Amino acid sequence: MRICFATNNEHKLTEVRALLPSTIELVSLQDIGCHEELPETQDTLSGNARQKAEYVWEHYHTSCFADDTGLEVDALDGAPGVYSARYAGPQRAAADNMAKLLQNLPPSTDRSARFRTVIALVLPDGEWQEFNGVVQGRIIEEVRGQAGFGYDPIFEPAGHHQTFAEMTPEQKNSLSHRGRAVAQLVAFLAGREG
Ligand code: IMP
């Protein structure tokens, strides 16, 4: 089957493409001729994921899924959460977001955190499904690693001493919030194809 991943984030596209079986042809927004910013104005991950997928469904009439991800820090009562992208301002700069987060977490604070991803999927018959993926971990004291994107250089998944940015793409995918949500998506699509 052919399905569009409604994201303008090349890193996400690469991660997800690596997780899909060859029976699923993943196409990008560029491939379907969508060059706009997708709307993302809801106050929940689920609301945003659905809003992005709905936009593509309504304007391009193609099966698609979208994800939305938040980093929830316990000592900050779950912030930045759904506001993770714009935590340090509208420019959405990863370095600024990480600097602000580290500044807001003095060294002795509880550093437990989790990434949460919600994927919203819409199929040709208009059916909607949602998949969730969570990974527990901690925010380290300074950035480490070059791989990945976003908050990866300051997040160590539980049971590991490397940040996501110090892991190979395969390692990150095998542990990550998005990897877990995509595994459910794949299982659902496989079940449907019988
Ligand atoms: P969104 O899902 O693209 O809205 O992402 C929200 C924020 O979380 C952005 O700042 C992203 O860079 C960041 N983010 C999303 N996924 C990941 C990830 O897998 N690792 C690290 N940061 C991420």
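The values are calculated or read from the model by the stated rules, or taken from the named source; none is laboratory data. Nothing here was measured: the structure is a model prediction, and the numbers come from that model. All Cβ positions, glycine included, derive from the backbone under ideal geometry; neighbour counts span all protein chains shown. Ligands, DNA and RNA are excluded from the accessible area calculation, which covers all protein heavy atoms including side chains. Shrake-Rupley method; radii C 1.70, N 1.55, O 1.52, S 1.80 Å.
Structural remarks
- Bridging of K52 to aspartates and glutamates at a Cα separation below 19 Å is possible for E10, E15, D31, E36, E37, E40, D43, D67, D68, D125, E127, E130, once same-chain residues fewer than 8 apart are set aside.
- Under Karplus coefficients 6.51, -1.76 and 1.60, residue-wise ³J(HN,Hα) of the stretch 38-46 in Hz, glycine/proline x: 7, x, 8, 10, 7, 10, 9, 4, 4
- A 1.4 Å probe over all protein chains sorts F149, F115 by accessible area into F149, F115, starting with the largest.
- Accessible surface of the chain [probe 1.4 Å, protein heavy atoms]: carbon and sulfur percent: 50
- The residues T62, T163, sorted by heavy-atom accessible surface at 1.4 Å with ligands and nucleic acids left out, run T62, T163 from largest to smallest.
- With K and R counted +1 and D and E -1, the other residues having a Cβ less than 15 Å from that of T117 yield a net charge of +1.
- Estimated at the nearest 10 Å², the accessible area of D77 is 150 Å² with a 1.4 Å probe.
- Extension gain (nm, one decimal) between V27 and T168, 0.36 nm per residue minus Cα-Cα: 48.4 nm
- With all protein chains kept in place, the per residue accessible area of the stretch 2-193 amounts to 47 square angstrom at a probe of 1.4 angstrom.
- Partners for K172 among lysines (Cα-Cα distance below 18 Å; same-chain residues under 8 apart left out): K12
- K100 accessible area, 1.4 Å probe, all protein chains in place, Å² to nearest 10: 70
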